1. Since TYR107 meets every condition but one in (1) in contact with a Gly (Cβ under 9 Å, 6 or more places away or on another chain); (2) buried (at least 16 other Cβ atoms within 10 Å of the Cβ), which condition does it not meet?
2. From ASN612, ASN581, grab the single residue that is within 28 Å of MET503 (Cα to Cα), surrounded by fewer than 20 Cβ atoms within 10 Å (Cβ to Cβ) and not assigned by TED's automatic domain parsing to the domain that holds GLY519.
3. Test THR524 against the stated conditions and say whether it is among the hydroxyl-bearing types (Ser, Thr, Tyr), in contact with a Gly (Cβ under 9 Å, 6 or more places away or on another chain) and in contact (Cβ under 8 Å) with a residue 24 or more places away in the chain.
4. Tell me, which helices (runs of 4 or more DSSP H) wholly within the range 193-306 include 2 or more residues that are in contact with a Lys or Arg (Cβ under 8 Å, 6 or more places away or on another chain) and either of a type in the set (S, T, N, Q) or buried (at least 20 other Cβ atoms within 10 Å of the Cβ) (or both)?
5. Could you count how many residues in the range 451-508 are surrounded by fewer than 18 Cβ atoms within 10 Å (Cβ to Cβ) and basic (Lys, Arg)?
6. Return the total of residues in the range 168-189 being within 16 Å of GLU447 (Cβ to Cβ) and touching a strand residue (DSSP E or B) at 6+ places or on another chain (Cβ under 6 Å).
7. Just give me the residues in the range 179-219 being more than 27 Å from VAL409 (Cα to Cα) and among the hydrophobic types (A, V, I, L, M, F, W, C), in sequence order.
8. Do any residues in the range 189-213 that are without any contact (Cβ under 8 Å) to a residue 40 or more places away in the chain and closer than 13 Å to THR417 by Cα have Cβ atoms under 7 Å from those of residues that are basic (Lys, Arg) and surrounded by fewer than 19 Cβ atoms within 10 Å (Cβ to Cβ), where the two are at least six apart or on different chains, and which pairs are they?
Amino acid sequence: MKTKTIFLGIGLFFTTAIFSLAQNIKFDIRPDGTFDVKATNVSLLNCYPAINNSSLKPTKINFTNNASSKTIQYTLIDGTLELSFSYEGNALKITPNLKSKTIVADYISILRDAEVKGANKIYRTSKEHMGEGGVKKWPKDKTEFSNCSGVTGLVPDSGSTLVIATRDFRKYMSYTNLSPTDRNEGKKMIEVYLAAEGIPVTTLPSFYLTENTSAFLAMQNEAKAVATVMNVKTDKPQSYHWCSWYYAYFYLTDQMLSGYLKGFNTIKPRIPIKTVQIDAGYHPHVGDWLEPSDKFPNGLEASVKEILADGYKAGIWIGPYMVGNRSKLYKEHPNWILRTKDGKPIINLLLYGENRLWGAMDEEIYALDTSNPEVMNYLRNVFRTFRKLGITLFKTDFMLYGAENSNKVIRHTPGKTSMEYQREFFEMIRQEIGPESFWLGCIASFEPLLGFADAMRISGDIAPNWESSITMFTESKGMQHVNNVWFQNDPDAIILRSKYNHMSDMEAKSLILWMGMLGGVINTSDIFHEIPKERTALFRFLEPNETKLTAAIPFIDKDDKFEVLVRNYPNKNAYAVLFINRKEEEISKTYSLQSLIGSEKGICFDWDENGNQNLGEKTSLNITLKPHESKLIYISKDGKSPQVMTLGGKE
């Protein structure tokens with residue numbers, strides 16, 4: 001390996017290996033402690049670390065060099081910060097190390113005010129549901145998004161996307177801040193940092209820089225690396241279930257549920273859902289999860305037994321951090337809630353007008369402080385009781401309430417980051433519900449639940465109209481790179497009903513196919529025996545196979561005319577491609593099969609729940625769609641049709 005000599009400005013020379021011969025991502029360190037990172041198409045220039053949003057002012061800078069790493073040591077008045085550069089697999093790894101007994105760090109930046117060259121777009125991984133994930137143009141002013149979390153891609157107009165990420169989320173959240181171009185004379189500037197929350201710093205996680213010519217694969221590959229470090233298990237079957245919320249909402253009663261189950265049993269053959277889940281409203285107040293209400297006056301036991309007796313698994317909704325001001329729990333334990341530094345309760349929801357949460361009288365909703373052992377014992381008993389009833393699907397909602405920055409709240413037992421408190425709580429939940437139970441997180445920060453949750457809601461609540469699908473499309477596209485990698489993405493419930501629905505048949509079918517094609521959670525709240533048979537057939541068509549199949553988004557970094565998903569059936573030597581026109585005018589476009597599936601030709605079939613039509617051998621597809629229309633094409637390399645196979649790959 002060739003070498004080069006660098007003058008360090010301190011009276012010494014050293015020799016450093018040029019890693020570019022083995023890696024596409026290079027780094028260059030300057031005598032003043034700044035450095036550049038240069039990938040194939042994207043570069044980060046004039047990088048420099050910072051603490052608490054202020055660039056370092058070191059009294060001395062030292063450099064060390066060994067066979068496997070290069071280190072910059074910044075000596076400060078009250079400590080030292082080190083940045084070590086090395087290679088791990090195909091990644092450039094930058095590891096920070098802060099040594100100080102007096103520095104109180106809220107934020108530790110491995111680079112601040114670095115100029116980005118070659119990238120014009122950002123590929124965001126959402127921090128939480130409704131997080132505006134996906135590929136975005138670089139922000140121009142402060143009114144646009146500026147913060148990215150976890151795994152961030154810097155996307156050029158063509159060529160390789162550079163991804164920046166931490167992989168260890170057991171203690172700290174990481175972020176990439178984007179400075180709008182109108183602040184920097186058109187320059188694109190970023191900061192990459194950890195949120196230390198004022199907690200004494202121990203071992204800090206490394207940052208990894210990787211790249212790939214495909215923006216989607218670049219992000220998916222790094223998500224897989226995160227999953228490995230966080231011990232994520234994706235072995236649960238794809239969830240295919242019924243949830244009470246989007247039909248009955250909080251009006252569900254035990255008698256209504258019994259009637260629904262009886263109606264489901266009249267359909268032959270049976271709709272092959274696995275689980276029936278009771279959603280919010282069974283409780284008198286949030287927090288009083290085990291107390292009977294007027295809707296379930298005898299509690300949940302009888303309803304759970306009925307669900308199980310009908311051959312389904314039983315599921316429950318719960319907002320474990322939530323407690324209402326009129327709840328029995330709050331009246332008996334007002335000291336159990338999180339408070340601000342001035343001792344006031346953190347109020348997550350204010351309901352002072354006529355609209356109240358799920359029919360209860362609570363005017364304020366607080367968050368429980370899980371650093372309090374008594375709170376943990378209470379919630380442990382709640383989950384243990386539900387599990388003993390036979391419940392094996394748990395939908396935990398409003399999980400963001402536990403993400404309060406430890407530097408901004410009073411906790412019963414201080415000294416840890418919000419990430420640590422959350423993960424301790426989540427570990428307890430998983431212990432109580434058991435490894436066999438299916439856990440669906442909702443309104444949550446994603447990284448704290450890595451390794452615990454089996455599925456995650458990624459978008460806002462769906463509604464029975466086309467307009468509500470905007471966020472579902474945006475977030476399902478933006479988070480598809482983590483689908484079945486971090487957890488099963490939940491795009492929300494599928495609206496099957498034709499009555500009480502503003503969507504046309506064409507619009508409903510487009511949304512149903514899109515949500516089924518993604519490869520994540522598939523669920524509905526509609527009453528199977530009250531919906532048209534063709535909608536029931538469409539839901540049957542979505543039935544997943546035992547092997548999960550995740551769609552790719554080939555044009556996510558392009559301004560394509562249609563929304564396009566591609567699903568590979570590896571055991572069939574075939575693919576499915578879904579095209580949807582979300583625009584308000586009819587559109588046509590021709591796609592080569594090479595751009596869709598990587599093969600020059602294949603036998604194509606027009607495919608849906610009613611069967612398939614052989615279109616013959618094709619090298620390209622000309623797609624014409626009316627507004628909100630969709631087209632599903634099955635492409636076979638060996639000429640075999642999908643026959644009676646479901647979209648999920650089940651025969």
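The values are calculated or read from the model by the stated rules, or taken from the named source; none is laboratory data. Keep in mind it's a predicted model, so treat the numbers as computed, not measured. Every residue, glycine as well, gets a Cβ built from its backbone with ideal geometry; the counts of neighbours run over all protein chains shown.
1. In the conditions (1) in contact with a Gly (Cβ under 9 Å, 6 or more places away or on another chain); (2) buried (at least 16 other Cβ atoms within 10 Å of the Cβ), TYR107 misses (1) alone.
2. ASN612
3. no
4. In the range 193-306, the matching helices (runs of 4 or more DSSP H) lie at 215-229.
5. Residues in the range 451-508 being surrounded by fewer than 18 Cβ atoms within 10 Å (Cβ to Cβ) and basic (Lys, Arg): 1 in total.
6. Looking only at that region, the number is 5.
7. MET189, ILE190, PHE207, LEU209, ALA215, PHE216, LEU217, ALA218, MET219
8. Pairs found: none.
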